[in-house]
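Read-outs throughout are calculated quantities, based only on the coordinates presented, and are distinct from any laboratory measurement. It should be emphasised that the depicted structure is a prediction, and the values quoted were computed from it without experimental measurement. Cβ placement follows ideal geometry from the backbone for every residue including glycine, while neighbour counts extend to all protein chains displayed.
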Amino acid sequence: MLDRIELAVAAGEFLSIVGASGCGKFTLLRLIAGLDGSFDGEIVFDGARVASTDLSRGIVFQDHRLFPWLKVEQNIAVALRNAPLGKDDKARAVAEHVELVGLRGYERHYPHQLSGGMAQRVAIARGLINRPRLLLLDEPFGALDALTRSRRKTNCNASGRTKASR
Ligand SMILES: Nc1ncnc2c1ncn2[C@@H]1O[C@H](COP(=O)(O)OP(=O)(O)OP(=O)(O)O)[C@@H](O)[C@H]1O
Ligand SMILES: [Mg+2]
């Protein structure tokens with residue numbers, strides 16, 4: 001249970017929350033994201049009280065939570081549904097983010113055709129694509145190996161081989 005949480009995060013600050021399993025780390029992120037409104041107290045983002053989800057606050061979940069019936073590119077594009085962009089700009093943004101997480105060639109694959117780490121990278125692309133002002137990450141690299149985590153760019157071709165570059 002979360003109790004007496006007081007937290008102030010400045011613009012540009014990168015904050016890590018560490019705690020035992022089940023202590024409420026994700027619960028706190030869920031509240032900040034606006035996914036859950038059943039709490040006492042107040043959460044203020046950029047001067048306004050958080051009442052619901054908003055494109056300015058993105059979240060990447062501990063598990064990838066991809067839609068199994070959507071392809072990689074569609075799973076990423078889901079995040080842009082309410083974004084003020086035209087169709088072409090959305091397609092361009094999806095392609096850029098597929099590239100960013102090293103999944104070019106996998107655009108038309110379904111989640112069940114991906115490894116756990118690749119699915120996690122799709123989820124990371126989905127979290128980044130709206131360029132949220134606040135990005136909430138719930139152990140987003142948990143499914144990635146140590147080498148991939150530390151790499152700035154990973155190239156992965158559709159034959160399943162992964163090549164990383166710095
Ligand atoms: N949807 C839910 N309904 C009821 N209880 C929940 C729900 N989600 C989480 N909990 C409970 O809230 C507590 C905190 O869960 P939370 O997922 O925030 O933990 P966590 O700190 O992220 O843990 P972990 O490190 O294991 O991921 C747990 O005791 C869990 O059982
Ligand atoms: Mg958790």
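The table below gives the values:
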| quantity | calculated |
| --- | --- |
| Extension gain, Phe45 back to Asp3 (0.36 nm per residue minus Cα-Cα distance, nm) | 13.2 nm |
| Summed side-chain charge close to Glu42 - residues other than Glu42 whose Cβ falls under 11 Å, Lys, Arg +1, Asp, Glu -1 | -1 |
| DSSP beta bridges in the chain [antiparallel fraction, %, rounded to 5] | 60 percent |
| Theoretical gain in end-to-end length, Leu15 to Arg108 [0.36 nm per residue, Cα-Cα removed] | 30.0 nm |
| Glu99-Asp63 FRET efficiency (beta carbon distance; Förster radius 22 Å; 0.05 resolution) | 0.40 |
| Radius ratio Rg over Rh of segment 13-166, counting only Cα atoms, Kirkwood formula for Rh | 0.98 |
| Mean separation of Cα contacts under 8 Å (6+ apart) over length of segment 1-127, as relative contact order % | 24 percent |
| Estimated FRET transfer efficiency when R0 is 41 angstrom, pair Arg92-Arg149 (beta carbons, to 0.05) | 0.90 |
